[in-house]
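The values are calculated or read from the model by the stated rules, or taken from the named source; none is laboratory data. Remember, it's a predicted structure, so these values are computed and weren't measured experimentally. All Cβ positions, even for glycine, are placed from backbone atoms using ideal geometry, and neighbour counts span all protein chains on display.
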């Protein structure tokens, strides 16, 4: 299993960003081909005060090859275009493997 | 459900940090009282090159009250002390709620 993680900072125009995230970005993410699971957290705070983040997305795939295929698919390119349109300066992405 | 997320940057002395994370920090995290689930990702890279992160931890609790109780418990204080000892400058923590 491989998990692609995307972490979105909270922009100053929070309402507009959240609307785009929920109504456009999330439906695009759900279309990743070969997706094993998609988990989304709405950030509600931090142990020490506020958090600079707004959302955390975890898209899990059965293998690294499946993740790479999803990212280079038509649907993956639509996600990348959408990120460039609304979240390029707010997103940090990485991938990882679960530790038992 | 509430998830406490901790994201650890990769320090320059990666081997020592990883040893402490796996052999001391992770066993302490598993002792959080009231834990619903604990997921740990070892970061393996990023869609565009390297990632500055090394590990992602998600500790889920049935409620905000359960998370707060875990953080202020004896075991939670042991986790906090351990963070101060090895990861204070590398960790970012926040909590969030799953979006259906």
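Quick one: would you say residue B:96 is within 11 Å of chain A (Cβ to nearest Cβ), over 26 Å from residue A:6 (Cα atoms) and buried (at least 20 other Cβ atoms within 10 Å of the Cβ)? Spelling it out, it is not the case that residue B:96 is within 11 Å of chain A (Cβ to nearest Cβ), over 26 Å from residue A:6 (Cα atoms) and buried (at least 20 other Cβ atoms within 10 Å of the Cβ).
Screening the candidates B:57, B:79 for the property of being within 14 Å of chain A (Cβ to nearest Cβ), farther than 16 Å from residue A:99 by Cβ and touching a residue at least 40 places away in the same chain (Cβ under 8 Å) yields one hit, B:79. Answer with yes or no whether residue B:47 is at pLDDT below 95, more than 8 Å from chain A (Cβ to nearest Cβ) and surrounded by 15 or more Cβ atoms within 10 Å (Cβ to Cβ). Taking the combined requirement at face value, the residue does not satisfy it.
Which residues, taken from segment B:3-44, are more than 14 Å from the chain's Cα centre (by Cα) and either in contact (Cβ under 8 Å) with a residue 40 or more places away in the chain or more than 12 Å from every other protein chain (Cβ to nearest Cβ) (or both)? If the condition is that a residue be more than 14 Å from the chain's Cα centre (by Cα) and either in contact (Cβ under 8 Å) with a residue 40 or more places away in the chain or more than 12 Å from every other protein chain (Cβ to nearest Cβ) (or both), then B:11, B:12, B:13, B:14, B:15, B:16, B:19, B:33, B:34, B:36 are the ones that fit.
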